[in-house]
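Visitor: Take this structure, written in structure tokens, and hold onto it; I'll ask about it next.
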Amino acid sequence: MRFGVWEILLIIVLVLVLFGGSKLAGVGKNLGRGIKEFKEEVKDTGESSPQAAEASAEDIEKKEAKNSEPDA
């Protein structure tokens, strides 16, 4: 089953109406942040020492604390 241009536009409009633009922007922002963190962790998998694992855990905690602060 293939979707044409009109069907895709209809789906996009329905999603915007149901969820709103601001909620979709937040979802996109969180998805991008998750992808970025995943890439960083994959790149850091070469570090297998316990000290590196502890440092990585501390970095994640710092990022989570920073991300949980309300935006101004």
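Visitor: Going by the structure shown, is residue 13 exposed (fewer than 10 other Cβ atoms within 10 Å of the Cβ), in a helix (DSSP H, G or I) and either at pLDDT 85 or above or acidic (Asp, Glu) (or both)?
Guide: no
Visitor: Look through 72, 25, 65, 55 and report the one residue that is hydrophobic (A, V, I, L, M, F, W, C), modelled with pLDDT under 80 and within 16 Å of the chain's Cα centre (by Cα).
Guide: 65
The values are calculated or read from the model by the stated rules, or taken from the named source; none is laboratory data. Keep in mind that this is a model prediction, so the values were computed, not measured. Cβ atoms come from the backbone with ideal geometry, glycine included; neighbour counts cover every protein chain shown.
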